[in-house]
Amino acid sequence: ACGQFAREADLVGLYDVFTAEAERGQGLAGRLCARLLGQARDEGARSAYLQVEADNHDARAVYRHLGFADGYGYHYRTR
């Protein structure tokens, strides 16, 4: 699994979280995100956010387990 965070003052965003298809279902993304959030907390973050597609049910389950909830929906405009 891989991912990154960006922290500004007490706010942190998780970005680019990905687990290789062959490695999914082992809890890697959850452990990675918990570690990233812990590191950000140690650096002063107190609130976190992320974006995830509405139909990405596996990722949404990971994020729900970490305590995330929907703040608002969004969509991309296409031609």
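Listing for the model above:
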{"quantity": "Checklist (1) out of contact with any Gly (no Cβ under 6 Å at 6 or more places or on another chain); (2) of a type in the set (A, V, I, L, M); (3) surrounded by fewer than 14 Cβ atoms within 10 Å (Cβ to Cβ) applied to Leu37, failing item", "calculated": "(3)"}
{"quantity": "Count of region 1-23 residues which are aliphatic (A, V, I, L, M) and within 9 Å of the chain's Cα centre (by Cα)", "calculated": "2"}
{"quantity": "Unmet criterion (only one of (1) open to solvent by less than 50 Å² (accessible area, probe 1.4 Å); (2) over 13 Å from the mean Cα position of the chain (by Cα); (3) not hydroxyl-bearing (Ser, Thr, Tyr)) for Leu32", "calculated": "(2)"}
{"quantity": "Identity of the residue in region 40-79, of a type in the set (Lys, Arg) and either within 16 Å of Ala6 (Cα to Cα) or in contact (Cβ under 8 Å) with a residue 12 or more places away in the chain (or both), that ends up surrounded by the fewest Cβ atoms within 10 Å (Cβ to Cβ)", "calculated": "Arg46"}
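The values are calculated or read from the model by the stated rules, or taken from the named source; none is laboratory data. Everything quoted here is computed from the prediction, not taken from an experiment. As a convention, Cβ positions derive from the backbone with ideal geometry for all residues, glycine included, and neighbour counts pool all protein chains shown. These area figures cover heavy atoms from the full protein model, side chains too; ligands, DNA and RNA do not enter into them. Shrake-Rupley method; radii C 1.70, N 1.55, O 1.52, S 1.80 Å.
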